[in-house]
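Mind having a look at this structure? Questions to follow.
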Amino acid sequence: MTQQPTLTIRGLHKSFGDNHVLRGIDLDVNQGDCIAILGASGSGKSTFLRCLNFMEIPSDGEITHAGKTIGTARTGKSRVYPESELTKVRQKVGMVFQQFNLFPHMTVLGNITEGLRTVQRMDKASAETRAHAELARVGLAEKAEEYPSRLSGGQKQRVAIARALALAPDLMLFDEPTSALDPELVSEVLNVIRGIADEGRTMLLVTHEVGFAYHVANRVIFMADGIIQEEGPPEQVLKNPQNPKTQAFLARHKQFEF
Amino acid sequence: MEYVWDFGSVWEYRAALWVGLINTLRIFAICLVAGLSLGLAIGLARYSVRRWLRWPAACFIELFRNTPVLVQIFWFYFAFPILAPFEISALMAAALGITLNSAAFSAEIFRGGIQTIDPGQWEAGRAIGMRHREIMARIILPQAVRRMLPALTNRGIEIFKMTTLASAIAYADVLHQARLIASVNFNPIEAYTVVAIAFFVILYPIVRATYVLERRLAKGD
């Protein structure tokens, strides 16, 4: 039986003015996939990820989520994306940002219940029950009443993960989730992400943690110049890369390994 | 020559001053509420995603920010009845001038406050499926208002002091009453001193209270 992909991306382009960042990306994301996206800065990997929940509006191409192609086609012009449609997609596509972006004026609990209450109109008691469960999952059950300013970077990012998971998305996007963290805080966040991957959740992860990609992802994508240069199982892409750009990138990343 | 202070003659007319003070507070309340609300609305329009809302807001701000309040008050009081088929009271004319002027200034405060909020806050709201309007109301404004509080306090103080301009069109505010008392008793120093003290006594506790509010709101930052 062939299963319908969770996400289908066809001919995705994105330009910022004259800067053509994404130059035609095709990808099928299947349920349960954990896809690591690697690439040098400027390769377009973050922009690609941000197109998938429409933080950036694609300049061209089609994104099909759960069988539905998002937006409305117009002849001769790029698609239009009404806000009402995007808010629905975004509830199903969770995103975790490099800079956490917690709401500083709300408690940890308030951060997690916000989407449930305001967007999904869930009653307070149910929303808080759900939020406490998500907090327990990321190991921060006792921090519910704290404000974000009282948390470490690693704790903030775990709260941000809980906030995204609370909406029960069918796809999670991680945009360099550990790049803003002090080195000693990276592993607590990676462990949480690994736990989520082990549950079989579908996710795409932009990262510089090549080792993590190797151990956790089932597929690795290497991007450069706005296109996917190489794609395959981590064993193949990371240990036996075929594309010279992938080889050069990995050589740089492994330079100081011992 | 030694000046002999005579507050007794002002005290005799305390009832008239009291009436003036009530009138001052009345016009202040109107202008504060209307000016800040309208300012918020125009500030939001100025920041709207819709062009047809943005540019009228910008025109409004520039028009009322760059003309003197006193001229606006005179205009509404003397010129408006010539153009419109009805007259407006001194209270209405003064309140209108002060409100529109304050709205123009507070719109800029609101817009500036909104712009200081990290774009990541917008993105985080969008990422969990919130609409523009919901993000503004639940995420951006609550944070922006905290940062704007000192500027808004200043605006409130300005509005309160601006109400004395209403006396120029014979609205019976506290300054107008004091001027009457001074002209009857020939004691302008005492009469205006009382007005100054009245303003200070009312404003200072309010300012202190906003300091406390600022500190309480600062939790979580």
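Of everything in region A:117-169, what is touching a His at 6+ places or on another chain (Cβ under 8 Å) and without any contact (Cβ under 8 Å) to a residue 24 or more places away in the chain? Give them in sequence order.
Within region A:117-169, A:Ala141 is the sole residue that qualifies.
Return yes or no: is A:Arg121 assigned to a loop (DSSP other than H, G, I, E, B) and under 26 Å from A:Gly67 (Cα atoms)?
Judged against the criteria, A:Arg121 is a match.
State the number of residues belonging to region A:125-139 that are open to solvent by less than 10 Å² (accessible area, probe 1.4 Å) and either within 11 Å of chain B (Cβ to nearest Cβ) or within 26 Å of A:Ser46 (Cβ to Cβ) (or both).
The total comes to 1.
Looking at A:Gln155, A:Gln247, A:Gln229, A:Gln255, which is the one that is more than 29 Å from A:Gln3 (Cα to Cα) and modelled with pLDDT of 95 or more?
Sole residue among the options that is more than 29 Å from A:Gln3 (Cα to Cα) and modelled with pLDDT of 95 or more: A:Gln155.
To continue, here is another question. I need the full set of residues from region A:143-164 which are surrounded by fewer than 23 Cβ atoms within 10 Å (Cβ to Cβ), within 11 Å of another protein chain (Cβ to nearest Cβ) and either assigned to a helix (DSSP H, G or I) or not charged (D, E, K, R) (or both), in order please.
Residues satisfying the conditions are A:Tyr147, A:Ser149, A:Arg150.
Can A:Met122 be described as within 13 Å of chain B (Cβ to nearest Cβ), open to solvent by 10 Å² or more (accessible area, probe 1.4 Å) and hydrophobic (A, V, I, L, M, F, W, C)? Let's see the steps before the verdict.
Working: within 13 Å of chain B (Cβ to nearest Cβ): yes; open to solvent by 10 Å² or more (accessible area, probe 1.4 Å): yes; hydrophobic (A, V, I, L, M, F, W, C): yes.
For A:Met122, the condition - within 13 Å of chain B (Cβ to nearest Cβ), open to solvent by 10 Å² or more (accessible area, probe 1.4 Å) and hydrophobic (A, V, I, L, M, F, W, C) - is met.
Any residue in region B:196-219 that is open to solvent by 30 Å² or more (accessible area, probe 1.4 Å), within 14 Å of another protein chain (Cβ to nearest Cβ) and not in a helix (DSSP H, G or I)?
yes
Tell me, which residue of region B:129-184 that is among the polar types (S, T, N, Q) and out of contact with any Asp or Glu (no Cβ under 8 Å at 6 or more places or on another chain) is nearest to the other protein chains (Cβ to nearest Cβ)?
Restricting attention to region B:129-184, the residues satisfying the condition of being among the polar types (S, T, N, Q) are B:143, B:153-154, B:163-164, B:167, B:177, B:183.
Add one more test, that the residue is out of contact with any Asp or Glu (no Cβ under 8 Å at 6 or more places or on another chain), and what stays is B:143, B:153-154, B:177, B:183.
Numbers: B:Gln143: 5, B:Thr153: 19, B:Asn154: 22, B:Gln177: 44, B:Ser183: 53 Å.
Of everything passing the filter in region B:129-184, B:Gln143 is nearest to the other protein chains (Cβ to nearest Cβ).
Would you mind telling me which numbered condition in (1) within 14 Å of chain B (Cβ to nearest Cβ); (2) within 26 Å of B:Ile117 (Cα to Cα); (3) within 22 Å of the chain's Cα centre (by Cα); (4) modelled with pLDDT of 95 or more A:Leu171 fails?
With respect to (1) within 14 Å of chain B (Cβ to nearest Cβ); (2) within 26 Å of B:Ile117 (Cα to Cα); (3) within 22 Å of the chain's Cα centre (by Cα); (4) modelled with pLDDT of 95 or more, A:Leu171 is out only on (2).
Another question, then. Sort out which residues of region B:156-173 are part of a helix (DSSP H, G or I) and open to solvent by less than 30 Å² (accessible area, probe 1.4 Å), and write them in order of number.
Those that are part of a helix (DSSP H, G or I) and open to solvent by less than 30 Å² (accessible area, probe 1.4 Å): B:Gly156, B:Ile159, B:Phe160, B:Met162, B:Thr163, B:Ala166, B:Ser167, B:Ile169.
Condition check: in a helix (DSSP H, G or I) and surrounded by fewer than 19 Cβ atoms within 10 Å (Cβ to Cβ). Does A:Ser179 satisfy that?
no
I'd like the residue in region A:70-110 that is closer than 26 Å to A:Glu142 by Cα and open to solvent by 50 Å² or more (accessible area, probe 1.4 Å) and, out of all such residues, is farthest from the other protein chains (Cβ to nearest Cβ).
A:Gln98
The values are calculated or read from the model by the stated rules, or taken from the named source; none is laboratory data. The structure displayed is predicted, hence computed values, not measured ones. Ideal geometry is used to build each Cβ from the backbone, glycine not excepted, and the neighbour counts take in all protein chains shown. Side chains included, ligands, DNA and RNA excluded: accessible areas come from the protein's heavy atoms. Shrake-Rupley method; radii C 1.70, N 1.55, O 1.52, S 1.80 Å.
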